[in-house]
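**Q** Sharing a structure below in structure tokens format, with a few things to ask.
Nothing in this text is a laboratory measurement; each read-out follows from the coordinates by a stated rule. Quantities reported herein were computed from a predicted structural model and do not represent experimental measurements. Positions of Cβ are generated from backbone atoms using ideal geometry, with glycine treated the same way; all protein chains shown enter the neighbour counts.
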Amino acid sequence: MKIGLRTITILTLLAALLGLGWALDLFKLSYIERLQPLTLTVIGGLTLLFTDICGRLLGQRRASDFGFSILKRGQELPGKVVLLNIFRLEFSLFENRGRPALELPLWLQKALLLPAFFLITMLVVNSRTLILMADAPRYFEESNNQYCPDEDDEAEAEEQVPPGCELVIRAYKLGYSDSLGDCETKKDQQEGEDGICYKRQKDEPFLHFTYRQLETVYQNFDLWLNENSVSDQVKDFKEKTANLDKLVKAQQHSMEASPHSVHHIFTNLAKPPQSLEQRFRELTESNYCLQKYSDLPHTIRLEHGWDTYNSQNFEFSYAHLLFNDRHQPAAGFCREFAIHWAADTDSCDRLSANPEEFLKDHGIWSDVNDVLQRQDSLAYLGGYDERPREHLLSRVVSFQCLNFNELAQEVESRTYTISGQDVASATVTLVQEDQVKPHKLPRKVMKGLAKTLIPHFSYSTYLSNQELASSSEEDFAARFEEVSPMLLTQLEYLRKADIMLGHDWLQEQPDLLEVYPWHLHLYNFVDSFRKEYRNSRGRL
């Protein structure tokens, strides 16, 4: 039996890639669904590129220059090179001249390259790969602190402070601190314990510096071998192999950039219209919401008309509470939060009745399952059996419902079980508002959404920057209704009127809203919410 080397190479490579992909769960629909659209686009583009290049290299000749043969031992074949003898069979290579070997058609050879390169790019390219590729230029940038200082700059080098240690060193010099703490370690690492700089010299060739680095790695490895006995290494190896599946899952979650948390909210409102550009960026950019919701105005602008007024109020409040960068850092990553528009009003009831079935129907179960697996992996890698508070499922998985109807209702909290752990959900119903004036702050919607996300959250005068003994709303309104040539002198009184606690008269005066001290009241409300949110919610 004689087979062309091209054919056997392509078939062997394809079979090996299929087996490896199957072992790594690359063919599971849940894995493909987790890949970002940009990742899939890159995979498709690289597959077509490498397939085209390799197809051109194959040329127009069907036959291979060399072949692979399986013959009986002793059977003659001119120019053969024996590779292996098994029983009476002889596996060998031969030059394919005048002895036609079995070959696949040329078009089929090139066609099989497509799935082969697709599997290779699937193995190599994932969401984490793109993140590392985007950060690659930053790692290759050279800066002065990578080199040892010149002898002429020794005085300046002595004054060089490790990054982030300026205040610590200053406090130490002034006597407010007894030690430098971690900054002393950073300084030792920067200079060397013996005072010798081990960084690259400015006139040192790169290959020589690389050799020194490799020598340091070898010395550290030799020291590590001397400090760790063989029996300890064998014991550690057995422990890791006994939990190999958990280690593989942990590595897989890291490579796939799978979610660290799942926080979803269901509402019966219709989704506000989006432009084609917004839809494209939402699909291709993982943290597009941070750009979309950055530098939001203080009052709603009604960009899409009255038909989706309540929806715009809801999205405006959602963006301010969780992502607007005018306040503290965002409450989380965009891809771990989601709004389910036009949902049924009984969504949380159905969720409590049968959590797994409901989540599968809405395509959320795969993300929740990833969080569960990541939780188990962290439990093993952390060396603990019982999950600490920061790894409780109720902190990293949450579902809420915010409905808009004719009548408002109190908060309805429910508890259900996922994988043996209790998870709570909350339902809040707000009154659906009619057409009102634009350029207003949707205070009721914002407070209702905050109550939905954190049922125990409460914002009162004690958290507000408003004075406890401030005037009533009527007194405030009367003061600004008076026509006075010194109106600017009365703007100071706006500091005492927290719009998040009432003062609806302000909503009817757009000119006052333009000069209102939002940083004292709206920002304080959002910061108070995010502080409480981080105490109750989180990510693995």
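**Q** Assuming 0.36 nm per residue, please report the length gained on full extension of the stretch I196 to L14 beyond their Cα-Cα distance.
**A** Taking I196 through L14 to full extension adds about 60.2 nm, to one decimal.
**Q** Output the pairs from K28/K271; K28/K246; K2/K72; K80/K110; K292/K360 with a Cα-Cα distance over 20 Å in this structure; if there are none, say none.
**A** K28/K271; K80/K110; K292/K360
**Q** Say the dipole of region 1-60 comes from +1 at the beta carbon of Lys and Arg and -1 at that of Asp and Glu; which of L40, G4, L14 then lies farthest toward its positive end?
**A** Looking along the dipole axis, the top candidate is G4.
**Q** How much FRET efficiency would the formula 1/(1 + (r/R0)^6) give for S294 and L89, where r is the Cβ-Cβ distance and R0 is 60 Å, rounded to 0.05?
**A** Using R0 = 60 Å, I get an efficiency of 0.30.
**Q** While we're looking at this one, here's another question. If contacts are Cα pairs under 8 angstrom and at least 6 residues apart, what is the relative contact order of region 2-137 in percent?
**A** Details: 146 pairs, mean separation 51.3, N = 136.
Averaging sequence separation for qualifying contacts and normalising by length gives 38 percent for region 2-137.
**Q** May I pose another question? Amide H to amide H under 5 Å from V262: which residues, 5+ apart in sequence or cross-chain, H placed 1.01 Å off N in plane?
**A** V397, S398
**Q** Still on this model: Once you place label points 7 Å from the Cα toward the Cβ at D511 and R326, how far apart are they in nm?
**A** Inter-label distance under the simple model: 2.2 nm.
**Q** Could you check the spin-label model distance between L26 and L108? Points 7 Å from the Cα along Cα→Cβ, value in nm.
**A** Computed distance between label sites L26 and L108 equals 2.3 nm.
**Q** Kindly state, to the nearest 0.05, the FRET efficiency for T417 paired with L132, given R0 = 41 Å and r defined as their beta-carbon distance.
**A** Calculated value: 0.60.
**Q** What is the sum of charges around S377, taking Lys and Arg as +1, Asp and Glu as -1, for the other residues whose C-beta is under 10 Å from the C-beta of S377?
**A** Neighbour charge sum, excluding S377 itself: +1.
**Q** Would you grab the residues whose amide H sits under 5 Å from the one on S64? Only those 5+ places off in sequence or on another chain, please, with H modelled 1.01 Å from N.
**A** When sequence neighbours closer than 5 places are left aside, the close amide H contacts are L5, R6.
**Q** In whole Å, what is the distance between the alpha-carbon centres of region 202-222 and region 319-353?
**A** Answer, in whole Å: 50.
**Q** Please list, ordered by chain and number, the residues whose modelled amide H lies under 5 Å from the amide H of R200; skip anything fewer than 5 residues away on the same chain.
**A** C148
**Q** Another one. Rounding to the nearest 20 debye, state how big the charge dipole of region 1-60 is about its Cα centre with +1 on each Lys and Arg Cβ and -1 on each Asp and Glu Cβ.
**A** So the magnitude is around 220 debye.
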